[in-house]
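Structure first, commentary second.
The values are calculated or read from the model by the stated rules, or taken from the named source; none is laboratory data. Worth saying up front: this structure is predicted, and the values here are computed from it rather than measured. Every residue, glycine as well, gets a Cβ built from its backbone with ideal geometry; the counts of neighbours run over all protein chains shown. Surface areas here come from the heavy atoms of the whole protein model, side chains and all, with no ligands, DNA or RNA. Shrake-Rupley method; radii C 1.70, N 1.55, O 1.52, S 1.80 Å.
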Amino acid sequence: MLNDGNLIRVAVLISGGGTNLQAIIDASNNNELPSCEIVLVISNKKDAYGLKRAENVQIKTEVLKDENQILNALDENMIDMVVLAGFLKILSKDFVKRFQNRIINIHPSLIPSFCGKGAYGIKVHEMALSYGVKVTGATVHYVNEIADGGKIIFQKAVEVKEDDTPERLQKRVMQQAEWVILPKAVEFVAKKILNTRLNGGKSFE
Ligand code: GRF
């Protein structure tokens with residue numbers, strides 16, 4: 001259910017360090033996300049450092065593992081839009097359907113390369129280096145029932161250097177691509193949802 005407020009209420013789902021969450025928080029604090037507010041951070045891991053990042057700026061946090069508990073928390077907090085930022089659980093078709101075109105994910109490669117089942121975190125960069133690509137990057141896409149299969153929203157390319165290790169490449173992709181396009185995508189999608197609501201439900205591309 002969409003709340004009838006002015007700003008789009010966003011929940012960010014995490015499982016780890018939360019550097020992408022931090023990029024969203026920083027963008028919001030820099031007034032780069034005028035259409036939305038981050039009102040909830042949910043982690044399926046209680047020791048995720050991203051929870052601390054949220055608490056540091058007084059964003060409500062929940063540690064929930066069960067998908068139904070997550071859905072209840074989203075409803076209770078009148079969430080309009082969900083951002084997966086390093087969230088490592090696979091979501092069911094029902095969950096995705098409930099938030100169709102209102103749930104986005106950041107993936108650390110240029111989809112359709114190095115994505116799909118089992119391709120996550122540092123593994124993605126190991127795959128890119130072993131393939132020998134000269135360019136990689138990051139993708140933000142809508143989430144549908146296929147792993148990393150939803151419509152692409154933004155991508156940003158990053159050069160692979162000769163002496164790259166998976167860790168060095170991961171850091172460069174995060175700094176030069178993920179942390180740049182994810183906040184932009186959050187505002188882009190939130191604005192679309194807001195415009196649709198303000199136009200009585202008709203979506204304008
Ligand atoms: C990032 O590399 C992101 O692309 C992937 O998981 C990692 C999460 O990192 N989905 P962080 O928790 O945002 O630091």
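Cβ-Cβ under 8 Å, sequence separation 6+ or interchain: first residue in segment 79-92 and without any contact (Cβ under 8 Å) to a residue 60 or more places away in the chain and farther than 10 Å from Val12 by Cα, partner open to solvent by 30 Å² or more (accessible area, probe 1.4 Å) and part of a loop (DSSP other than H, G, I, E, B). Which pairs?
Between residues of segment 79-92 that are without any contact (Cβ under 8 Å) to a residue 60 or more places away in the chain and farther than 10 Å from Val12 by Cα and residues that are open to solvent by 30 Å² or more (accessible area, probe 1.4 Å) and part of a loop (DSSP other than H, G, I, E, B), the close pairs are Ile90/Ala147.
Give segment 130-165 a look and list any residue that's under 29 Å from Phe95 (Cβ atoms) and among the charged types (D, E, K, R), or say none.
Glu145, Asp148, Lys151, Lys156
Would you check if there is a residue in segment 117-126 being away from the ligand (no atom under 16 Å from the Cβ), under 25 Å from Lys184 (Cα atoms) and under 18 Å from the mean Cα position of the chain (by Cα)?
Of the residues in segment 117-126, the ones away from the ligand (no atom under 16 Å from the Cβ) are none.
There is no residue in segment 117-126 that is away from the ligand (no atom under 16 Å from the Cβ), under 25 Å from Lys184 (Cα atoms) and under 18 Å from the mean Cα position of the chain (by Cα).
Can you find, within segment 4-17, the residue that is farthest from the ligand (Cβ to nearest atom) among those that are open to solvent by 10 Å² or more (accessible area, probe 1.4 Å) and within 14 Å of the chain's Cα centre (by Cα)? Quick ask: steps written out before the conclusion?
Initially, segment 4-17 is screened for residues open to solvent by 10 Å² or more (accessible area, probe 1.4 Å), giving 4-7, 9, 15-17.
Narrowing the set further to residues that are within 14 Å of the chain's Cα centre (by Cα) leaves 15-17.
Numbers: Ser15: 7, Gly16: 4, Gly17: 4 Å.
So, considering only residues that are open to solvent by 10 Å² or more (accessible area, probe 1.4 Å) and within 14 Å of the chain's Cα centre (by Cα), the one farthest from the ligand (Cβ to nearest atom) is Ser15.
Give the residue that is farthest from the ligand (Cβ to nearest atom), with candidates limited to residues of segment 18-58 that are charged (D, E, K, R), surrounded by fewer than 19 Cβ atoms within 10 Å (Cβ to Cβ) and assigned to a helix (DSSP H, G or I). Break it down stepwise before answering.
First, pick out the residues of segment 18-58 that are charged (D, E, K, R): 26, 32, 37, 45-47, 52-53, 55.
Narrowing the set further to residues that are surrounded by fewer than 19 Cβ atoms within 10 Å (Cβ to Cβ) leaves 26, 32, 37, 45-47, 52, 55.
Filter once more, so that each one left must be assigned to a helix (DSSP H, G or I): 26, 52, 55.
Working: Asp26: 13, Lys52: 12, Glu55: 15 Å.
Looking at the filtered set, the residue picked out is Glu55.
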